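Below you'll find the structure, written out as structure tokens, and then a few comments.
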Amino acid sequence: MRLKVFSVYDSKAEAYLQPFFSATVGMAMRSFGDAVKDEGHQFHKHAADYTLFQIGEFEDDTGRMKALEAHVNLGSAIEYLS
């Protein structure tokens, strides 16, 4: 199965957070959106600082990971609040 690889960029830390895997872009966006809407989560508290990116793909049958040439911006946390 081919999984997509995502990471959230923290503009204040100037770093990407630990990547996570999802079967589809839509599922990753929903997970990020759920975290953003959770008032106790750092993504909600500092929404202006975080942006979701798709950064690659992972093949679970071969163990190979492929980075995307250009990260795909899937929106800032502020966009998920509205």
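The values are calculated or read from the model by the stated rules, or taken from the named source; none is laboratory data. Computed from a predicted structure; not experimentally measured. No Cβ is skipped: glycine too gets one built from the backbone with ideal geometry, and neighbour counts run over all protein chains shown. Ligands, DNA and RNA are excluded from the accessible area calculation, which covers all protein heavy atoms including side chains. Shrake-Rupley method; radii C 1.70, N 1.55, O 1.52, S 1.80 Å.
Details
- Among the conditions (1) touching a helix residue (DSSP H, G or I) at 6+ places or on another chain (Cβ under 6 Å); (2) among the β-branched types (Val, Ile, Thr); (3) exposed (fewer than 11 other Cβ atoms within 10 Å of the Cβ), the only one that residue 24 does not satisfy is (1).
- Extreme residue, nearest to the chain's Cα centre (by Cα), among residues of segment 28-82 that are at pLDDT below 95 and either open to solvent by 90 Å² or more (accessible area, probe 1.4 Å) or under 16 Å from residue 7 (Cα atoms) (or both): 82
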